[in-house]
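These notes are about the structure you will find just below.
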Amino acid sequence: MDQRPDLTGAAPEGAVAPSSPTADEHGHDHVLYSVEDGVATITLNRPDAMNALTILMKAALLEALERARDDAGARAVLLTGAGRGFCAGQDLREHADNLDAGVGLDNTVRAHYNPIILTITGMGKPVIAAVNGIAAGAGASLAFACDFRVVADGAKFAMAFSGIGLAPDSGASWTLPRLVGPARARELLVLGEPVGAARALELGMVTSVVPAGELTARARELAVRLAQGPTVAYGAIKQALDFSAAHSLEDSLEVEADLQDACAKSEDHHNATRAFLAKERPVFEGR
């Protein structure tokens, strides 16, 4: 079976959706969505629970990510959390109730977490995590799945799975070793000790660490810069890296050639080439 990625690299066409919250069935706006300057901002909005993920919230997050993926007006995605935390992972109160009811995880890894992570990593546009506070368990995994992680200096990461007798999920066993190496990933996952922002930067877990008061502005600055860039090329870069992670050099070279051919047909490439020859700054339109 051909395992090559989709070669278009472009976000699907469609009408620009208005900025609005994604609400659960009880009317609580636990995932917020807005678009400005080409950036779709998705905010986890349960600050009283450190943005811990309930079943309804996971469904709303997936819906928001799919909306950003399909939103022609969004050329970059910014994922963040409201309040003091980025995301504390699975809501353990809800999980305890499920355990008492005899349903355990109730297939939430396959039904919820896996589609969320695949939507982030398969997004044909850059995704930036603005980590404002604790990112634990699946919350840390959400950040690791993004293309960039801008982190407040007081934030922490905790691979909390082993502490409650669980295996890693939400892609942590795949993304973390690729960020910090297999030996360090094993240490972080087995011991589960919190990692502060400075140490996370040293280990390669994050892109940058900024003062907490500057996080929103700095993360948004990066997101706007990416939203103004060559979206098709960004998507192709993501596809090339994901493919090469599990394939031979020979196969990866073939995919690079296919992706390059697709990018060469884009309007952005044609316009940027003309701008280069005219010694002008290129203006990218994402197509």
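The values are calculated or read from the model by the stated rules, or taken from the named source; none is laboratory data. On a predicted model such as this, the values are computed, not experimentally measured, just so you know. We place every Cβ from the backbone using ideal geometry, glycine too, and count neighbours over all the protein chains shown.
Things to note:
- Lone qualifier among 282, 230 - being touching a helix residue (DSSP H, G or I) at 6+ places or on another chain (Cβ under 7 Å) and under 30 Å from residue 141 (Cβ atoms): 230
- The residue list 216, 273 contains one member that is β-branched (Val, Ile, Thr), in the same structural domain as residue 143 (by TED's automatic domain parsing) and on the phi < 0 side of the Ramachandran plot, which is 216.
- Total residues in the range 29-87, condition among the small types (Gly, Ala, Ser), within 20 Å of residue 216 (Cβ to Cβ) and in a loop (DSSP other than H, G, I, E, B): 4
- Residue count for the range 234-261, restricted to those that are within 15 Å of residue 121 (Cα to Cα) and touching a His at 6+ places or on another chain (Cβ under 8 Å): 0
- Candidate set: the range 214-253, residues that are without any contact (Cβ under 8 Å) to a residue 12 or more places away in the chain and of a type in the set (D, E, K, R); chosen: the one surrounded by the fewest Cβ atoms within 10 Å (Cβ to Cβ): 250
- Filtered residue count, the range 133-176, keeping only those that are assigned to a helix (DSSP H, G or I) and out of contact with any Lys or Arg (no Cβ under 8 Å at 6 or more places or on another chain): 15
- Residue 204 falls short on exactly one of the conditions (1) over 21 Å from residue 142 (Cα atoms); (2) loosely packed, with under 15 Cβ neighbours inside 10 Å; (3) modelled with pLDDT of 95 or more; (4) not hydroxyl-bearing (Ser, Thr, Tyr), and that condition is (1).
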